[in-house]
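So the structure is just underneath, and the comments pick up after that.
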Amino acid sequence: MSLIDNYKIPESRPEPNPGTLYIVGTPIGNLGDLSDRAKNILKTVTLIACEDTRKSGQLLKRIGSNKPLLSYHQHNTKSRLPQILKIIQDRGSVALISDAGLPGISDPGEELVHAAKQNNYEVICIPGPCAAITALVTSGLPSQRFCFEGFLPTKKQIREKVIKDIAEEKRTTIIYESPHRLIKLLEQLSNFCGRERPIQVSRELTKRYEESIGSTIGEVLDHFKFKDPQGEFTLVLEGKSKFNNQQKISESEAIHKLKSLIIKGEKSITASKKIAKETGYDKKWLYSQLNKKLDK
Ligand code: SAM
């Protein structure tokens, strides 16, 4: 008897189980990533809760599911929760899907799962693609310990504080970002982590124009000088370590060094370049700070 003959395939239970909420992962681009198990659930549950009924309707049409869809998103959570829970209470089964990827990961889902658990209903995940994990495992950066930030806050001060914290984080950090904010985010990361900090920017994962851009913040910034960011992006940033800790001095110390060089007769641009190299702060940022200070 061979090893293969000896291998026992784990038994699976019949699905869908009455009175259950299924969290179903759907593709982040490549439709081939929808599993047989996910297809089966989406064809057999009582109801499918989704972010956008038109988008999910297309997916369901492709797989031949005619199950009813109910919109569930951040603006109607309050009214929809009782409706969905009632179906589960009546021994029906509900599948929750998002527009793409795993519900609950920067997508609606968390509150529904919490409410189902509070009511002692069973919650089962049908695992599927997740942009964060897909980007992490292809990054080549440490994946033993990592943290997920999702989309960073947009309010200036809070955002800056979060980026400062990320710069100090020792574990690998995963960030979601929209194409129109990507360059600004990379500049901010460059200021706080240094141009040399390893990063991988994953674009259009699982899709036709999938691309990995790296390997340092500086290189990625240079790449986007010539190419407008388009599509969907996930960033994987290496954590701070003694090997990539470029910025040993504070912002004000760096600006002070810069001004001292200029007082000694160095031109502003040359001085900014020199201090950028010495401290890891971005030269454009240093130059802009210098103008700010001189304006005062
Ligand atoms: N729940 C989803 C998941 O599990 O992947 C994430 C939803 S979040 C609203 C969407 C963000 O995820 C995008 O703006 C982008 O940052 C990232 N993302 C989704 N699909 C992607 C892809 N194919 N390639 C790169 N990043 C992607």
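The values are calculated or read from the model by the stated rules, or taken from the named source; none is laboratory data. It should be emphasised that the depicted structure is a prediction, and the values quoted were computed from it without experimental measurement. Every residue, glycine among them, receives a Cβ derived from its backbone with ideal geometry; neighbour counts consider all protein chains shown. Quick note on the areas: whole protein, heavy atoms, side chains included, nothing else; ligands and nucleic acids left out. Shrake-Rupley method; radii C 1.70, N 1.55, O 1.52, S 1.80 Å.
Within the set GLU211, GLU204, the sole residue that is modelled with pLDDT of 95 or more, touching a Lys or Arg at 6+ places or on another chain (Cβ under 6 Å) and either of a type in the set (Gly, Ala, Ser) or within 14 Å of the ligand (Cβ to nearest atom) (or both) turns out to be GLU211.
For (1) open to solvent by less than 70 Å² (accessible area, probe 1.4 Å); (2) outside the structural domain of GLY231 (by TED's automatic domain parsing); (3) of a type outside the set (S, T, N, Q), each residue gets a yes or a no:
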| position | (1), (2), (3) |
| --- | --- |
| ASP5 | no, yes, yes |
| LYS8 | no, yes, yes |
| THR44 | yes, yes, no |
| ALA49 | yes, yes, yes |
| ILE63 | yes, yes, yes |
| SER71 | yes, yes, no |
| ILE84 | yes, yes, yes |
| SER98 | yes, yes, no |
| GLY109 | yes, yes, yes |
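When we screen ILE262, ILE166 for residues that are under 16 Å from the mean Cα position of the chain (by Cα), in a helix (DSSP H, G or I) and away from the ligand (no atom under 12 Å from the Cβ), the only hit is ILE166. Which residue pairs have Cβ atoms under 8 Å apart, sit 6 or more places apart or on different chains, and have a first residue in the range 37-53 that is over 15 Å from ALA116 (Cβ atoms) and a second that is assigned to a loop (DSSP other than H, G, I, E, B) and of a type in the set (Phe, Trp, Tyr)? Taking only residues 6 or more apart or on different chains, the pairs are CYS50/TYR72; GLU51/TYR72. Contact annotation: no residue pair with Cβ atoms under 8 Å, 6 or more positions apart or on different chains, pairs a residue in the range 192-211 that is within 17 Å of ARG181 (Cα to Cα) and assigned by TED's automatic domain parsing to the domain that holds ILE255 with a partner that is within 11 Å of the ligand (Cβ to nearest atom) and not in a strand (DSSP E or B). Given (1) buried (at least 22 other Cβ atoms within 10 Å of the Cβ); (2) away from the ligand (no atom under 15 Å from the Cβ), where does TYR121 come up short, assuming only one miss? (1) is the only condition that TYR121 fails. You will find that of GLU196, GLU187, GLU253, the residue that is farther than 26 Å from CYS130 by Cβ and touching a strand residue (DSSP E or B) at 6+ places or on another chain (Cβ under 7 Å) is GLU196 and no other. Looking at this structure, is THR46 away from the ligand (no atom under 16 Å from the Cβ), more than 28 Å from THR134 (Cβ to Cβ) and touching a strand residue (DSSP E or B) at 6+ places or on another chain (Cβ under 6 Å)? Criteria met by THR46.
Out of the residues in the range 20-38 that are more than 16 Å from the ligand (Cβ to nearest atom) and buried (at least 18 other Cβ atoms within 10 Å of the Cβ), state the one that is farthest from SER202 (Cα to Cα). Among them, the one singled out is THR20.
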